[in-house]
Structure formats: structure tokens, C-alpha cells
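Colleague: Sharing a structure with you now.
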Amino acid sequence: DVSSPKHGKVDPDNMPHVGGNMWAGGTGGRDTAGLGGKGGPYRLDAGHRVYQVSQAEKDAVPEEVKRAAREMGEKAFKQRLKEIQMSEYDASAYERFSGAVRRQVQSLRIILDNLQ
């Protein structure tokens, strides 16, 4: 069961973590920042294969946990904007421009990775 959202502990060795309720950047778990889980405050990709919990499990998360996760995610987003000296307007404009060229940038990254 989910209880309350949190960032989670950071694994200094960046080992893949699947399931559970402890590690930041894990997959398929609960309450912590990661991918494919339920009840976490925000998405956090540690570069590992993603294990996805079912939509039914995600839908079963209590509304108060979803609300707390949204609030924590919004707070983390605003903190990150402050750290990089960017306003919410700047972030919105960046996302608009970035989204327009996202596919081309991804293609270019693949080409450059292959050339390396």
C-alpha cells in the first residue's frame, strides 16, 4: 500500500531497484520518486529498465496520497526553477520551443552517439 510520497534514498552505486518503497530513481515501486510506480511525487529516471505497475494499481492510490504527491512534485519543480534561475514563464516558453524540436534533437543524439 502507498502511504506518503517522498524522494527516497539515493543509491551511491546507482544499482537498479525494482519495487519497494526506499530508493529514488527505482522502477515499479511505491511512494518514491522514480518511474513506473505508484504514489511517487515526481518522475525520476536513473537510467535503468522501467518496470510498470498496472493502471488498476495506480488508480487505487488514495486521493490524499495523490494530492500530497502533486504538491511535493510542484514544490520540487519550483525549487529546481529557482536553482537554475528560471521563472515559471521561462519554463513554459522553454517547453514550448523544446517540444517543437524534440524529435529532431533525439534523432541528432542517436546519430552523434553512433558516430562516437
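Colleague: Leaving ligands, DNA and RNA out of it, work out the accessible area of His48 with a 1.4 Å probe and give it in Å² to the nearest 10.
Modeller: 50 Å²
Colleague: Still on this structure: Cα axis of helix 63-83 to longest principal axis of the chain: angle in degrees, 0 to 90, nearest 10?
Modeller: For helix 63-83, the angle is close to 40 degrees.
Colleague: Carbon and sulfur atoms: what percent of the 1.4 Å accessible area of the chain do they account for?
Modeller: 53 percent
Colleague: Who wins for biggest fluctuation among Asp59, Asp45, Asp13 in a Gaussian network model of the chain, springs between alpha carbons below 10 Å?
Modeller: Result: Asp13 has the largest fluctuation of those listed.
Colleague: Let me ask something additional. For the stretch 59-116, give the magnitude of the charge dipole about the Cα centre (Cβ charges: +1 Lys/Arg, -1 Asp/Glu; no others), in debye to the nearest 20.
Modeller: Charge dipole, the stretch 59-116, about its Cα centre: 180 debye, nearest 20.
Colleague: Given springs between every Cα pair under 10 Å in a Gaussian network model of the chain, which of Ala68, Ala76, Ala60 has the largest fluctuation?
Modeller: Ala60
Colleague: Okay, next question. Please identify, among Gly40, Gly99, Gly19, the residue showing maximal mean-square fluctuation in a Gaussian network model of the chain using a 10 angstrom Cα cutoff.
Modeller: Taking springs between Cα atoms under 10 Å, the residue moving most is Gly99.
Colleague: Over the stretch 61-116, with the other protein chains present, what is the accessible area per residue in square angstrom, probe 1.4 angstrom? Spell out each step's value before the answer.
Modeller: Values: 4980 Å² over 56 residues.
That works out to 89 Å² per residue.
Colleague: I need the trypsin sites (Lys or Arg not before Pro) found in the stretch 41-116, filtered to DSSP loop residues with at most 15 other beta carbons within 10 Å of theirs.
Modeller: Numbers: sites: Arg43, Arg49, Lys58, Lys66, Arg67, Arg70, Lys75, Lys78, Arg80, Lys82, Arg96, Arg102, Arg103, Arg109; in loops: Arg49.
Qualifying residues, ordered by number: Arg49.
Colleague: Roughly how big is the chain's charge dipole about its Cα centre, with Cβ charges of +1 (Lys, Arg) and -1 (Asp, Glu), in debye to the nearest 20?
Modeller: The calculated dipole for the chain is roughly 200 debye.
Colleague: Taking only Cα atoms, what is the 0 to 90° angle, nearest 10, from helix 88-115's long axis to the longest principal axis of the chain?
Modeller: 70 degrees
Colleague: With label points built 7 Å along Cα→Cβ from the Cα atoms of Ser92 and Asn14, find their separation and express it in nm.
Modeller: Roughly 3.4 nm, to one decimal.
The values are calculated or read from the model by the stated rules, or taken from the named source; none is laboratory data. Since we're looking at a predicted model, the values are computed, not measured. Cβ: placed from backbone, ideal geometry, glycine included. Neighbour counts: every protein chain shown. Each accessible area value is taken on the protein alone, full model and side chains, heavy atoms only, with ligands, DNA and RNA left out. Shrake-Rupley method; radii C 1.70, N 1.55, O 1.52, S 1.80 Å.
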